[in-house]
1. Quick check on Tyr38: is it touching a helix residue (DSSP H, G or I) at 6+ places or on another chain (Cβ under 8 Å), in a loop (DSSP other than H, G, I, E, B) and over 14 Å from Pro72 (Cα atoms)?
2. Select from segment 69-82 the residues that are surrounded by 11 or more Cβ atoms within 10 Å (Cβ to Cβ) and under 20 Å from His16 (Cα atoms) and write down the one among them that is modelled with the highest pLDDT.
3. How many residues are touching a Lys or Arg at 6+ places or on another chain (Cβ under 9 Å) and at pLDDT 80 or above when one looks only at segment 83-99?
4. Which pairs turn up if I take residues in segment 1-25 that are assigned to a loop (DSSP other than H, G, I, E, B) and look for partners that are among the charged types (D, E, K, R) and modelled with pLDDT under 90 with beta carbon separation below 6 Å, at least 6 apart in sequence or on another chain?
5. Of the conditions (1) touching a helix residue (DSSP H, G or I) at 6+ places or on another chain (Cβ under 9 Å); (2) more than 17 Å from Cys105 (Cβ to Cβ); (3) modelled with pLDDT of 85 or more, Gln33 satisfies every one except a single condition; which number is it?
Amino acid sequence: MRCWHPDLYHKLCTKHLLACWRESLGMHKIITQDLKGYRNHPATKEYEDCPELLWHNLSLMRNEMLKRGWHPKELPERIEFGGQYKEWQTLEEQIDRLKEKGCECRLTIDKLNNDVIMNLVDKMIKNKQIDCFAQIGGYILPFICF
């Protein structure tokens, strides 16, 4: 199952966003129509008691597809169960899985972009727009000291 965290949808490459859409639609059908399929998969178990959250995630995916100019099918009918969500994987675990795949997903700043950003940060320090910066986990954080 390739059902990624909603915070990743805007960063996913075409391949992973489409796979997530297909798998999530299938999972929604398995849960709402009580089909067997991947019924015991951890990703399905995550949503089995709260398919309304899965439907919400599908709507977020669909919105991302529309932003990209795609034409996804309509959402399935919304059904509310009122159950409990059981997290299968954390956002960090999913980011690690995507990095292992070595795909085109925009998960971190690559070296080329990092060099460009560092040049920009240096200029901002020289122009006294920022005082200093910190590089934490691949992200550059500018600081203004008062």
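The values are calculated or read from the model by the stated rules, or taken from the named source; none is laboratory data. Treat the numbers as computed from the prediction; the structure is a model and nothing was measured. Here the Cβ is made from the backbone with ideal geometry for all residues, glycine too, and neighbour counts use every protein chain on show.
1. Yes; evaluated as a whole, the condition is true for this residue.
2. Trp70
3. Summing the residues that are touching a Lys or Arg at 6+ places or on another chain (Cβ under 9 Å) and at pLDDT 80 or above in segment 83-99 gives 0.
4. Cys13/Glu104
5. Looking at each condition in turn, Gln33 falls short on (1).
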